[in-house]
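Novice: What follows is a single structure, and I will ask about it in a moment.
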Amino acid sequence: MQKWMRVKLALFFMSIVLFLHVLGAGTSIFLLDKGLRENMDRSLMELLAEIRPSVQIIEGRPSLKSWAETVKRGKLKIPASIQLYDAGGRLLEEYGPPGVPRLGNGRLESYPGAVESRVRSWNESIVRQGVLFGHLQVQDSSRQKNNAIKQAIYAALLVMPFLGALVALIGYWFASVALTPIEEGVQLMRRFVADAGHELNTPVAIISASLETLEEVLREHNLSQDLTDTIAKATARMSELASDLVFLARVEDPMSAYPIGPIKSKGLIEDLAGVYDPLASQKNIRLKLLHIDDAEVVGNAEFLRRMLSNLLSNGLRYTDPGGEITISTELTPRYLDIHVSDTGMGIPPESLQRVFDRFYRVDKARSRLAGGAGLGLSIVKAVVEAHGGKVSVASEVDRGSTFTVSIPLSRRVQVMP
Ligand SMILES: Nc1ncnc2c1ncn2[C@@H]1O[C@H](COP(=O)(O)OP(=O)(O)OP(=O)(O)O)[C@@H](O)[C@H]1O
Ligand SMILES: [Mg+2]
């Protein structure tokens with residue numbers, strides 16, 4: 001449980017850091033892309049301005065032939081694709097590396113053959129004395145820029161698993177450091193409860209023994225035993241309370257080693273029904289076993305017996321004479337569901353989730369009269385959770401209640417529909 005808590009905290013840290021990393025990397029890559037684009041555009045504009053004066057109009061068409069001759073003679077390399085279009089947008093001349101043969105500003109792409117070509121492109125109209133002669137366009141390949149962006153994305157992705165693992169480790173360590181004092185506090189409280197329960201046993205045993213002697217004396221003198229009966233009842237409750245506290249601390253203590261083994265559900269349930277049958281008859285309540293699967297669960301037999309016993313004694317306690325208690329089971333692929341139902345007084349909806357809390361009783365006066373301390377269902381919950389299972393309740397006031405505990409099976413089973 002505690003380990004799982006640490007793992008959960010570590011995963012939480014990891015997801016936050018990875019989320020921030022993705023956010024940060026995304027923003028940086030976006031800004032890098034924007035910067036590179038702006039840089040390219042600036043260079044293209046400069047190139048346009050540089051070439052603009054060299055454009056000649058020959059026979060009504062723009063031309064850069066003499067400029068190209070000069071460049072070639074000077075053995076200069078043309079840095080970008082330079083294109084000339086006529087007024088109708090038809091490509092007339094192209095110099096430098098091949099570009100995308102289309103007029104356009106900003107991003108342009110084409111697929112000459114199977115090769116993808118992406119460029120940034122800028123153009124301007126060639127106008128002389130108010131007449132449009134054509135367009136001068138410069139283009140530069142986006143490959144370098146795209147490669148830089150791709151590398152930045154790869155780098156961000158590559159870092160992710162290492163960053164994730166590192167943060168998970170640090171998160172786990174941090175969670176351990178942070179949780180240790182809390183765990184120690186919980187452990188201390190558990191030990192205190194267990195010790196207090198143990199310590200109560202001795203005075204309770206002394207009271208019981210003294211009470212017996214006192215009862216004998218009273219009997220010899222033919223005196224009323226009302227007072228000793230009251231003390232005996234209170235002592236019995238105190239003893240039960242002490243034993244419940246010790247038991248609860250034992251079940252909840254992750255350090256306490258208790259024997260675990262395979263347990264046959266049918267035997268366990270039938271044995272208990274045998275114990276509770278006479279008690280039910282005494283109260284004129286029918287105890288019925290419905291379908292009981294003979295499944296195998298793994299756990300501690302004493303704990304499971306005590307858990308079911310608490311459910312049955314609640315059923316008996318909170319059901320009036322003439323009522324009925326039924327036990328049935330149901331198999332799911334991984335769990336054995338045990339249902340304990342009664343036709344008793346039921347639990348109001350607002351108390352349904354709280355009945356599993358320690359010392360919680362729906363109607364304090366009513367339950368105390370019936371002798372309960374409010375620990376029975378906390379024990380049920382603790383045992384079920386220690387076995388990796390769950391407990392739930394459905395109830396209707398004056399109609400009855402059904403408690404369902406799901407205990408993991410020792411192995412998966414095929415359930416017939
Ligand atoms: N089968 C039931 N029908 C109606 N109410 C129930 C039933 N089981 C439990 N409750 C209610 O839930 C409360 C908590 O039950 P829980 O078993 O924890 O305590 P308890 O029976 O009062 O005392 P303890 O079991 O410690 O002797 C009870 O006080 C009772 O009000
Ligand atoms: Mg109870």
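Novice: Scan the range 32-43 and tell me whether some residue there is exposed (fewer than 14 other Cβ atoms within 10 Å of the Cβ) and within 24 Å of residue 134 (Cα to Cα).
Specialist: yes
Novice: Looking at the range 166-177, which of its residues are aliphatic (A, V, I, L, M), surrounded by 11 or more Cβ atoms within 10 Å (Cβ to Cβ) and within 23 Å of residue 253 (Cα to Cα)? Lay out the reasoning, then the answer.
Specialist: Quick first cut of the range 166-177, residues aliphatic (A, V, I, L, M) only: 166-170, 175, 177.
Subsequent filtering for residues that are surrounded by 11 or more Cβ atoms within 10 Å (Cβ to Cβ) retains 166-170, 175.
If the condition is that a residue be aliphatic (A, V, I, L, M), surrounded by 11 or more Cβ atoms within 10 Å (Cβ to Cβ) and within 23 Å of residue 253 (Cα to Cα), then 175 is the only one that fits.
Novice: All but one of (1) open to solvent by less than 40 Å² (accessible area, probe 1.4 Å); (2) acidic (Asp, Glu); (3) touching a residue at least 40 places away in the same chain (Cβ under 8 Å) hold for residue 140; which doesn't?
Specialist: That leaves (1) as the condition not met.
Novice: Out of 401, 378, 395, which single residue is crowded, with 20+ Cβ neighbours inside 10 Å, over 24 Å from residue 247 (Cβ atoms) and within 12 Å of ligand 1 (Cβ to nearest atom)?
Specialist: 395
Novice: Here's something else I'd like to know. I'd like the full set of residues that are of a type in the set (Val, Ile, Thr) and open to solvent by less than 60 Å² (accessible area, probe 1.4 Å), limited to the range 178-207.
Specialist: Correct list: 180, 186, 193, 204.
Novice: Would you pick out the residues in the range 308-338 that are more than 11 Å from ligand 1 (Cβ to nearest atom), aliphatic (A, V, I, L, M) and either at pLDDT 95 or above or surrounded by 22 or more Cβ atoms within 10 Å (Cβ to Cβ) (or both)?
Specialist: 308, 327, 336, 338
Novice: How many residues, within the range 292-305, are modelled with pLDDT of 95 or more and open to solvent by 40 Å² or more (accessible area, probe 1.4 Å)?
Specialist: Within the range 292-305, residues that are modelled with pLDDT of 95 or more and open to solvent by 40 Å² or more (accessible area, probe 1.4 Å) number 1.
The values are calculated or read from the model by the stated rules, or taken from the named source; none is laboratory data. As the structure is a prediction and not an experimental result, all values here were calculated from the model. Note that each Cβ is placed from the backbone with ideal geometry, even for glycine, and that neighbours are counted across all protein chains shown. Areas reflect the complete protein model, heavy atoms only, side chains present, ligands, DNA and RNA absent. Shrake-Rupley method; radii C 1.70, N 1.55, O 1.52, S 1.80 Å.
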